[in-house]
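Have a look at the structure below before the remarks.
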Amino acid sequence: MRSTFVLLLSFLLVFTSCTDNGKKDKSLVPDSVGNINSLQVITPNDLWNGATGEAIRKHFAAPADGLPQDEPLFSMNQLQPEIFTGFARSNRLFLYVTLGNDDKVTLATNEYAKPQTGAIIKATSEEKLVELINKNADKIIESFYKSEIKERQRRTSISLLKLDTLKSLMGISLKVPTAYRIAKATDEFFWLRKDLKDGTTNILIYPVPLDMIKNDSTAVGDIINIRDSIGSKLLPVEDDSAFITEDAYAPYLFKTTIDGKFAYETKGTWEVKDAWMGGPFINYAVKDEKNNRYLILEGFTYAPRASKRDLQFELESILNTAKFE
């Protein structure tokens, strides 16, 4: 009787976990866990300690752009495949790398938990594994990035700051957590600030004329000029110093979109001239042709004793929620 019951229960579990076409019903998977930008790497120790592990670390632990000190793109934790069961499968990001019968890269969504993004790389030899990692790392990292931005925005949306003033002054809405406060609000400048244990994170918003950024070839210099002239005058700094772009390292420049509008994305480091203050910034110059302007959306961190990757990532996720009225 007991064996019959166990058999029926097993059948029921299999039946209820599959859809009509025999595929796994992913709506039944548990909630995922994990810190932002935390990556679970599942691979045997011999691969992790060899060329495969080196290739993984080269790409997924590469320094994040625009930070004053090297911090990896992802904080990685390696597991042996036989340990990857039960709760160990619930991390929001995972990378599964192993030897197999064919050479294949698969992106998986909500495979063991939700939300979850995973990548499975299998190959017939270690040399082929390394080749597949090198070839597909950028695509996988982009998938992980989008997943983490979405999760960071979900966490932000739990408790939002009311920002009607921002809409009336700048013509945009922004999803900002209540941990921030309005430090200054005028027709030409909006400043939001969050106090940390040792420092602050900040959001600056201000318009500049369209002709201040001439074209792609001059964009980096134009954006630095905007930051060091207009932006530095708007942000109050003690002792008549200036909030400027640190000139020791050239900022990173990318092209992107914010609310469907073309934008230059710049990542670099800032400093207060003649003072021992500095940190990372991310700057979006959003082309708003309707209003004949670029709208500057910038997030920067001052936290001398803290890691800054995830602080900047939060700012990046907030700025990407901008909606133009």
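Mind checking the dipole of the stretch 250-292: about its Cα centre, +1 per Lys or Arg Cβ, -1 per Asp or Glu Cβ, Debye to the nearest 20?
Dipole about the Cα centre, nearest 20: 140 debye.
Pull up the cross-link candidates among the lysines for Lys194, meaning alpha carbon to alpha carbon under 18 Å and not fewer than 8 places away within one chain.
Filter leaves Lys162, Lys175, Lys184, Lys308.
Over the stretch 186-264, what relative contact order in percent results from Cα pairs under 8 Å that are six or more residues apart? Could you put the intermediate results ahead of the total?
Values: 58 pairs, mean separation 13.3, N = 79.
Relative CO of the stretch 186-264 lands at 17 percent.
For the stretch 116-243, what is the charge dipole size about the Cα centre, in debye to the nearest 20, if Lys and Arg each add +1 at the Cβ and Asp and Glu each add -1 at the Cβ?
Working: 20 positive and 19 negative charges, 164 e Å.
The calculated dipole for the stretch 116-243 is roughly 780 debye.
For Lys273 and Leu196, FRET efficiency with R0 = 30 Å and r from the beta-carbon atoms, rounded to 0.05?
Details: r = 23 Å, r/R0 = 0.77.
It comes to 0.85.
When N is the residue count of the stretch 237-325, what does its C-alpha Rg come to as a fraction of 2.2 N^0.38 Å? Could the numbers behind the result be given before it?
Working: Rg = 14.3 Å, N = 89, 2.2 N^0.38 = 12.1 Å.
The value comes to 1.18.
Can you tell me the dipole magnitude for the stretch 259-325 around its Cα centre, using point charges on the Cβ only (Lys, Arg +1; Asp, Glu -1), in Debye to the nearest 20?
Dipole size: approximately 60 debye.
Can you give the % of DSSP beta bridges in the chain that are antiparallel, to the nearest 5?
Here the antiparallel bridges make up roughly 75 percent for the chain.
Using Cα pairs closer than 8 Å and at least 6 residues apart in sequence, work out the relative contact order for the chain, in percent.
With pairs under 8 Å counted, the relative contact order is 15 percent.
Rolling a 1.4 angstrom probe over the protein chains, ignoring ligands and nucleic acids, what is the accessible area of Ile258 in square angstrom, nearest 10?
0
Taking a cut-off of 21 Å between Cα atoms, list the lysines near Lys214, but don't count ones fewer than 8 places away on the same chain.
List returned: Lys255, Lys261, Lys267, Lys287, Lys290.
Between Lys139 and Asn225, what length in nm is gained on full extension when 0.36 nm per residue of separation is reduced by their alpha carbon distance?
So the chain would gain 27.6 nm between Lys139 and Asn225.
How many lysine pairs are close in the stretch 21-125, with Cα atoms under 20 Å apart and the two 8 or more places apart or on different chains?
Lysine pairs meeting the criterion: 5.
Near Lys150, which aspartates and glutamates are there with a Cα under 18 Å away, not counting those fewer than 8 places off in the same chain?
Qualifying aspartates and glutamates at Cα under 18 Å: Asp31, Glu111, Glu142, Asp259, Asp310, Glu314, Glu316.
The values are calculated or read from the model by the stated rules, or taken from the named source; none is laboratory data. Computed from a predicted structure; not experimentally measured. FYI the Cβ positions are ideal-geometry reconstructions off the backbone, even for glycines, and counts take in every protein chain you see. SASA here: full protein model, heavy atoms, side chains in, ligands and nucleic acids out. Shrake-Rupley method; radii C 1.70, N 1.55, O 1.52, S 1.80 Å.
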